[in-house]
Amino acid sequence: MRYDLVIFDNDGVLVDSEPISNRLLAAYLTELGHPTSYEDSIRDYMGSAMHRVHDLVLERTGERLPADFDDVFHARVFAAFERELKPVAGAVEVLEALSARGVPYCVASSGSHERIRVGHRTTGLDRWFDDARIFSSQDVGRGKPAPDLFLHAARRMGVGPERCVVVEDSPLGVRAAVAAGMDVLGFTAMTPAERLSGANELFSDMGELVGLLG
């Protein structure tokens, strides 16, 4: 099937940020007295908006995270991005191919607008994404697995959900895309294939994506 809009997740799909951010999140939660391993963070928080971190900690411990938690965490993440962040291997080639074919695309991320822009600027992906192609969970209030963000992106891009395909690497993102009535391609570079079982198709190398998009 040929699609009228390709919606990319950002972290782990376009920029190789998941190892960095989950390492720092696990360390910060542990520092605050909520022991969390890197594997715990990947399992519980990968692909989610920050409110999920607050919600799960409160649910599990009855304690609220500090009011400045998000600001401190993002400062640490952005500093690490400047030192370490790279684009996902093959992502630039996919964007070049879509642009050459005139296929509309955008990014819809659980991360904040600032996080998306810092990551794109650091990796050089900002040349592919102007403001009209960037959508954040900040825009809708509810992050993945709610479908709101993907539906918002499709609406703003002028494409019906049934003509969209989402490229995702997290179980929460796959659930959100399915709930939005969109096809979804699951990227398994970091996530075991069985955790993305709701996707229409799975792929492990970004070089495969152009072929899957028809």
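Read-outs: derived from the displayed coordinates by stated rules, not from any lab. Just so we're clear, the structure is a prediction, and the values are computed from it rather than from any experiment.
Taking amide H positions as placed in the peptide plane 1.01 Å from N, state which residues far from SER136 in sequence (5 or more) or on other chains have amide H under 5 Å from it.
Those qualifying (amide H under 5 Å, at least 5 residues apart or on another chain) are SER109.
Enumerate the amide H contacts of VAL15 below 5 Å, restricted to partners 5 or more residues apart or on another chain; note that Pro and chain-start residues carry no placed amide H.
VAL88
In Å, what is the Rg of the alpha-carbon atoms in the chain, and how long is Dmax?
Cα only, the chain: 16.4, 52 Å (Rg, Dmax).
At 0.36 nm per residue, minus the direct Cα-Cα distance, what do ALA132 and ARG163 gain on full extension? Give it in nm, one decimal, please.
On the way: separation 31, 0.36 × 31 = 11.16 nm, distance 1.89 nm.
Difference between extended and current length: 9.3 nm.
Output ³J(HN,Hα) for the stretch 3-11: one whole-Hz value per residue in order, computed from phi by the Karplus curve 6.51 cos²θ - 1.76 cosθ + 1.60 with θ = phi - 60°, and x for Gly and Pro.
In residue order, the calculated couplings are 9, 8, 7, 9, 10, 9, 5, 9, 5 Hz.
Would you mind checking which residues have amide H under 5 Å from TYR105's amide H? H placed 1.01 Å from N; only 5 or more apart, or other chain.
VAL6
Extension gain ALA27-HIS51, at 0.36 nm per residue separation less the Cα-Cα distance, in nm?
Details: separation 24, 0.36 × 24 = 8.64 nm, distance 1.79 nm.
Answer, rounded to one decimal: 6.8 nm.
Could you run the Karplus curve 6.51 cos²θ - 1.76 cosθ + 1.60 with θ = phi - 60° over the stretch 200-214 and give me ³J(HN,Hα) per residue in whole Hz, x for Gly and Pro?
Calculated HN-Hα couplings, in order: 5, 8, 10, 8, 10, 10, 4, x, 7, 5, 4, x, 5, 7, x Hz.
Can you give the extra length, in nm with one decimal, that the chain gains between SER204 and ASP139 once fully stretched, where that is 0.36 nm per residue apart less the Cα-Cα distance?
Stretched out fully, the SER204 to ASP139 stretch lengthens by 20.4 nm.
Residue by residue through the stretch 60-67, which ³J(HN,Hα) values in whole Hz follow from phi under the Karplus form 6.51 cos²θ - 1.76 cosθ + 1.60 (θ = phi - 60°), with glycine and proline marked x?
7, 10, x, 10, 8, 6, x, 4
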